[in-house]
Amino acid sequence: MFHIKYVKIISIIFGLIILSALSFYIFNDHKSNIQTEKVSEDNLIPEVSVKQKTVKKEPPVQKYYKDYLEKDETRFLNHAKTSKNNDLEFSKLQTKFIKATDVLNEKYTNYIDPDDDYYKNNWVKLPCIEGIYFYSVNSEYFLNKYGQYLSNGYREWLKFIIKKESVMQDGGLAVPPDTLREYIIFLEKFIEQNPDFILISDAKDFLESYLMTYLEGIDNSPIFDKWNTRKMKTEFKESYEKFLSENKNSKYYPMVEELYNKSKENDFNWDRDFDAWLYEYHKKYFASTVN
């Protein structure tokens, strides 16, 4: 009896030991899995949107200025403050800026931003023709910044350049013919009054070009309406009449007078005979116009 009881106790104790061992194994295995999962989670890169700091590249125009023009501009300014004759040095500086816009137009038109404040009052501006922007030297910038260091002639020249930039576009006049008359008279007087001007050859070239356009027309702004009325256009006729009444002292008066009178004889009509006369007329006058 006692022996049987003893065997039962031993069996119970043995079963408890096995159960305890099994529970310990299950607990530790579960704990190990939890730690493994935690380590794995700690190694994960959280999906957080991190804004990287991007360095905005300097626009090509501003970089080009700093690399190739700024030193020249500073050098001229330092020289001009102590010199009384700065026209030659300024013309060199102006030429460098003009060449710079040529380079910019060749390589960097894709970077043009017309809303950028940099172009509002700086050395370069952005004219627009038929929706296409391009780089151009801002003569108004030079006049305002350096005009005080230049001769009266150069200042007047810069003022003219600002105006002349809008004279022709796309093979046609962008101003009325009478505005062209005013520019011709200005250039004639300018050349007479400033014979030693550093850019006098440019002034003569402009004058000859304007005279030819005024007395001959250009593709998109002809003097005669050759395809419809075949008559001289009213705006040219009225401007010639104004020239003959207000600019009698001009040395180009005989040119305008001859064209006007010949047109009047033909009742201001264009025909093949008149066209042949025009050919001889322009050959006669424009071989050497402003020498």
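Read-outs throughout are calculated quantities, based only on the coordinates presented, and are distinct from any laboratory measurement. Because the structure is a prediction, the values reported are computed rather than measured. Glycine also receives a Cβ, built like all others from the backbone with ideal geometry; neighbour counts cover every protein chain displayed.
Any chance the range 148-164 includes a residue that's of a type in the set (D, E, K, R), assigned to a loop (DSSP other than H, G, I, E, B) and crowded, with 16+ Cβ neighbours inside 10 Å? Steps first, answer last, please.
The initial filter retains those residues of the range 148-164 that are of a type in the set (D, E, K, R), namely 155-156, 159, 163-164.
Okay, now just the ones that are also assigned to a loop (DSSP other than H, G, I, E, B), so none.
Scanning the range 148-164, I find no residue that is of a type in the set (D, E, K, R), assigned to a loop (DSSP other than H, G, I, E, B) and crowded, with 16+ Cβ neighbours inside 10 Å, so the answer is no.
Any residue that is of a type in the set (S, T, N, Q) and without any contact (Cβ under 8 Å) to a residue 12 or more places away in the chain - is there at least one of those in the range 268-286?
Let us first name the residues in the range 268-286 that are of a type in the set (S, T, N, Q), namely 269.
Next, only the ones that are without any contact (Cβ under 8 Å) to a residue 12 or more places away in the chain stay: none.
No.
Look at the range 214-227 and say how many of its residues are assigned to a helix (DSSP H, G or I) and touching a Pro at 6+ places or on another chain (Cβ under 9 Å).
In the first step, residues of the range 214-227 are kept if they are assigned to a helix (DSSP H, G or I); the result is 214-216.
If we keep only those that are touching a Pro at 6+ places or on another chain (Cβ under 9 Å) too, we end up with 214, 216.
Result for the range 214-227: 2.
In this structure, does PHE190 turn out to be of a type in the set (A, V, I, L, M, F, W, C), farther than 21 Å from LYS284 by Cα, free of Cβ contacts under 8 Å to residues at least 60 places away in the same chain and part of a helix (DSSP H, G or I)?
yes
Working carefully through the options ILE198, ILE184, find the one that is outside any helix (DSSP H, G or I) and either more than 28 Å from ILE132 (Cα to Cα) or among the hydroxyl-bearing types (Ser, Thr, Tyr) (or both).
Result: ILE198 is the single residue among ILE198, ILE184 that is outside any helix (DSSP H, G or I) and either more than 28 Å from ILE132 (Cα to Cα) or among the hydroxyl-bearing types (Ser, Thr, Tyr) (or both).
What number of residues within the range 250-274 are surrounded by fewer than 15 Cβ atoms within 10 Å (Cβ to Cβ) and within 40 Å of the chain's Cα centre (by Cα)?
2
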